[in-house]
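Everything on this sheet refers to the single structure shown next.
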């Protein structure tokens with residue numbers, strides 16, 4: 001039995017420590033994702049160690065057990081911010097307050113052809129604007145029935161799983177289609193004009209670090225941080241949304257929050273996992289709605305499956321120019337690191 005415990009203990013120790021190595025290679029970055037799962041597995045392994053007779057435990061065994069306990073504490077400390085036991089980063093709005101803008105984001109999975117489920121969700125939730133990614137021409141054609149209700153659109157159907165659709169009930173101004181890092185991966189920068197107020201929107205879907213497609217997170221990290229720097233310079237209320245292919249608690253996302261001054265509505269509320277829809281144990285938050293200081297949150301919700309490997313997520317927001325959310329500050333060293341990552345991504 002001890003041999004089995006040794007094997008699992010070493011695997012889980014390595015899996016927990018790997019993200020601390022600041023390398024962009026996918027074998028390091030992929031271990032950013034399953035933080036809660038690692039906590040559960042290490043806790044289960046510790047319980048199994050209690051069934052070993054005390055007299056049979058060596059100094060090495062005690063060292064492994066102590067290491068596992070410390071890693072549990074480390075993971076718990078990292079998870080608590082994404083729970084109701086932590087201070088909310090984005091302040092809550094009262095349920096009675098009128099929603100200023102409701103946003104819905106969904107990765108539809110390009111090869112999913114269950115268009116009706118997505119249409120039903122949009123009709124049921126009735127957001128002011130929605131963003132869909134991994135949209136090909138088939139998805140663009142299917143969503144066209146909503147154009148009367150959503151008369152303002154930015155449509156970028158692509159066959160490479162990086163297509164985007166952005167539909168809004170209110171005018172979209174100053175729209176830019178950008179290819180920040182890769183000429184095949186677009187992003188949308190635009191202004192939503194609502195009752196005389198312009199809201200800056202950044203819609204992005206950077207490439208993930210996965211074997212066979214992109215073995216490094218360099219390009220993903222750079223795109224996220226470029227948008228973060230642009231958001232920092234904005235005076236208007238700002239929303240950054242999309243499938244970032246990065247979990248809410250990764251080092252890159254934390255650096256992005258510091259660089260941008262944006263708020264994560266998950267902090268102080270919950271994980272709101274959006275991926276993977278088909279594997280309940282392997283779920284983490286990949287789809288995001290980040291908010292500038294002028295927003296308070298009325299509601300955030302992960303919606304039922306639309307046939308994709310992602311769940312859609314929405315947020316009901318209240319605009320309050322006198323609001324004062326918690327903001328993370330970047331040190332000089334972190335600002336320099338962000339610039340270095342951006343340069344690396346553009347040269348990669």
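The values are calculated or read from the model by the stated rules, or taken from the named source; none is laboratory data. Computed from a predicted model, the values in this text were never measured in an experiment. Note that we place each Cβ from the backbone using ideal geometry, even for glycine, and neighbour counts take in every protein chain shown.
Here is a check on your reading of the model: is residue 300 within 17 Å of the chain's Cα centre (by Cα), within 27 Å of residue 132 (Cβ to Cβ), in contact (Cβ under 8 Å) with a residue 12 or more places away in the chain and not in a helix (DSSP H, G or I)?
yes
Of all residues in the range 99-121, count the ones that are in contact (Cβ under 8 Å) with a residue 12 or more places away in the chain, at negative phi and surrounded by fewer than 21 Cβ atoms within 10 Å (Cβ to Cβ).
10
Which is in contact (Cβ under 8 Å) with a residue 12 or more places away in the chain, farther than 21 Å from residue 219 by Cα and surrounded by fewer than 18 Cβ atoms within 10 Å (Cβ to Cβ), of 154, 145?
Step by step, each of 154, 145 is checked, and only 145 is in contact (Cβ under 8 Å) with a residue 12 or more places away in the chain, farther than 21 Å from residue 219 by Cα and surrounded by fewer than 18 Cβ atoms within 10 Å (Cβ to Cβ).
Restricting to the range 114-131, count the residues that are in contact with a helix residue (DSSP H, G or I) (Cβ under 7 Å, 6 or more places away or on another chain) and either outside any helix (DSSP H, G or I) or not assigned by TED's automatic domain parsing to the domain that holds residue 173 (or both).
Total meeting the criteria: 1.
Looking only at residues that are assigned to a helix (DSSP H, G or I) and modelled with pLDDT under 90 in the range 32-56, which one is farthest from the chain's Cα centre (by Cα)?
Out of the qualifying residues, it is 55.
Could you say whether any residue in the range 270-280 is over 12 Å from the mean Cα position of the chain (by Cα), assigned by TED's automatic domain parsing to the domain that holds residue 198 and crowded, with 21+ Cβ neighbours inside 10 Å?
No, the range 270-280 has no match at all.
When you look at residue 96, is it in the same structural domain as residue 48 (by TED's automatic domain parsing) and surrounded by fewer than 18 Cβ atoms within 10 Å (Cβ to Cβ), yes or no?
Criteria not met by residue 96.
Would you please name the residue that is surrounded by the fewest Cβ atoms within 10 Å (Cβ to Cβ), looking only at residues in the range 209-242 that are in a strand (DSSP E or B) and without any contact (Cβ under 8 Å) to a residue 60 or more places away in the chain?
Of everything passing the filter in the range 209-242, 240 is surrounded by the fewest Cβ atoms within 10 Å (Cβ to Cβ).
Suppose we keep only residues that are farther than 30 Å from residue 244 by Cβ and buried (at least 18 other Cβ atoms within 10 Å of the Cβ) within the range 2-31. Which one would you say is modelled with the highest pLDDT?
For the range 2-31, the residue satisfying everything is 9.
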